[in-house]
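Here, each number is a calculation from the coordinates, and none is a lab measurement. Quantities reported herein were computed from a predicted structural model and do not represent experimental measurements. Here the Cβ is made from the backbone with ideal geometry for all residues, glycine too, and neighbour counts use every protein chain on show.
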Amino acid sequence: MNREAAARLGADVLSVGNAVQLVTNGLKLATYRPEDASDEVDIRVRLPAGFRSFDQLSRLTLSTARGQVPLSHFVTLTPAPKIGTLHRVDGRRTITIKADIAEGFRLDERLNALSEQVNTLPDGVGLVVAGEDADQREAGQFLLNAFGVAIFLMTLILVTQFNSLYQTALVLSAIVFSTAGVLMGLLLNGQSFGIVMVGMGIIALAGIVVNNNIVLIDTFNQLRAEGMSPTEAALETGCLRLRPVLLTAITTVLGLMPMVLGVNVDLLAPSLGLGAPSTQWWTQLSSAIAGGLAFATLLTLLLTPCMLVLGARRAARLSQTPPADCDRG
């Protein structure tokens, strides 16, 4: 709007705004509250529907002291999208698009498909995925840091107690091998890999499988201190600790089976239910722990004694290696 031209023709901003409202939302005259309503109703006057168009704005005239003056003499009309509020994040204009995942689809799969469609964006336009995906990334980073701290503390304690890096690495290797059982447990139960619940399951599983290896290695060291050979000590360790290790694993797995199968127990009814909404949240966690523990227990009973024998034989060979000859001048 050219204010100088409008002033010369005797028009002002308020009059122009009122004229434009006749074509758009209507000029508010008063308010009225019906007897059966608690809210007031605006009374507006607008041009007939056939005259409420963009072209009509160029044909509007304004009543001034100099008579009817067309708005086109001092107003320039430019079509533009209507924006009520500008949202900015870190100083950048932002448009938020929200959507829900349709039934039968996964979040990561849909995000990958979306990335392929919008991989070529114009200059100055960026895409940032928030919502559930951002929450999962944040939770995954936290669990990764927590897992690293837990492994460091366990390593520190094991090295202090066993005074052996080999036996410490052997104990911690059970955590790595147990992840295969975690994936098998999720596969058998038809569960997807959830970062939060499965990550918590792996951290909880680490403490359980480490305990089984500690029991075996501690017994092996005691038998070796009594004078047994590595093979005899490994066999005797397996015989002595077979029942405690199996009972620990079996009772833990059986205790987790109601959550794995999604069994809901109502003590007030009393009744049993399958697949209740309250059990679906814990299915991934319980499946990860049960599958990982069952797989790691078999490896602990079979692989750990063998690795202890190999480690003892290697240490014996190193201790019997003759020193290198030295030249004497």
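Scanning the chain for long hydrophobic helices, with DSSP H runs required to stretch 27 angstrom or more by C-alpha along their axis and to average at least 0.5 on the Kyte-Doolittle scale, returns 132-162, 165-189, 195-225, 230-260, 277-320. Note that the chain shows a convex hull volume over its alpha carbon atoms of 347 Å³ per residue. In region 3-73, taking the dipole from charged Cβ atoms about the Cα centre, the farthest positive-side position among V45, T64, T31 is held by T64.
Run the helix sum for the chain: -39,500 (n - 2.57) per DSSP H stretch of 4+ residues, divided by residue count, reported at 222 nm to the nearest 500 deg cm²/dmol. Counting only the DSSP helices, I get -21000 deg cm²/dmol. Here the convex hull built on the C-alpha positions of region 1-153 has a volume of 311 cubic angstrom per residue. Computed from point charges on the beta carbon alone (+1 for Lys and Arg, -1 for Asp and Glu), the dipole magnitude for region 132-320 about its Cα centre is near 660 Debye. For region 132-320, the equivalent ellipsoid derived from the alpha-carbon gyration tensor has semi-axes of 36, 20, 12 Å in decreasing order.
For region 102-156, the fraction of C-alpha pairs farther apart than 19 angstrom is 53 percent. With contacts taken as Cα pairs under 8 Å and at least 6 residues apart, region 132-320 reaches a relative contact order of 32 percent. Here the contact order of the chain, divided by its residue count and restricted to Cα pairs under 8 Å and six or more residues apart, works out to 15 percent.
Taken over the alpha carbons of region 3-73 as equal point scatterers, the Debye sum produces base-10 log I(q)/I(0) values at 0.17, 0.23, 0.28 Å⁻¹ of -0.69, -1.00, -1.22.
In this structure, the amide hydrogen of N264, modeled 1.01 Å from its nitrogen in the peptide plane, lies closer than 5 angstrom to those of G273, L274, G275, A276, counting only residues at least 5 positions away or on a different chain.
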